[in-house]
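Written below as structure tokens is the structure these notes are about.
Nothing in this text is a laboratory measurement; each read-out follows from the coordinates by a stated rule. The shown structure was predicted, so the numbers you read here are calculated from the model rather than taken from an experiment. So basically every Cβ, Gly included, is an ideal-geometry build from the backbone, and we count neighbours across all protein chains shown.
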Amino acid sequence: MDDTGSGGRKRGSMFDDLAGVAGGAFSALAGVRTEVEAAVRSQVDQMVQRLELVKREELDAAMELARRAREAQEALEARVAALEARLGEAAAPDAGTASAEAMPNTEVPPSAPGEPPPISGTMKNPPPIGGG
């Protein structure tokens, strides 16, 4: 038997042609795959920006900053409590000798008609609302 097909061509060259077509199709599919991946990546990036998501590193840094601030706050609270206790101990022996004249004036001054009375402990000149 000879190696010729029905068209008179050699069977090997037909397989070579078929392999070439298949290789071209695979390379075209690889190009399409690359384009689809790039388009999907672009869409995901746009969605992440719209949702204002943060990167893991930024979140970890913010969490560390919050942890340090919490530790500092707890240390300051303990320090204030210790100072208040010392102040209470120092004021306890003097409590019997204190008179009403030594107490600070805690009366609220009268407000102008139509104005609500001031709240004790507020600032005298607060900054304007809106930063203006």
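The loop-placed trypsin sites (Lys or Arg not before Pro) in the range 9-91, going by DSSP, that have at most 16 neighbouring Cβ atoms within 10 Å of their Cβ come out as Arg9, Lys55. Projecting label points 7 angstrom from Cα along Cα→Cβ for Leu87 and Ala38 puts them 6.8 nm apart. Modelled spin-label separation between Arg67 and Leu29, with each label point placed 7 Å from Cα along the Cα-to-Cβ direction: 4.9 nm. Taking Lys and Arg as +1 and Asp and Glu as -1, the other residues whose beta-carbon sits under 13 Å from that of Leu59 total -2. Loop-located GluC sites (Glu not before Pro) in the range 15-54 (DSSP state other than H, G, I, E, B) with a sparse environment of at most 12 neighbouring Cβ atoms within 10 Å: Glu52.
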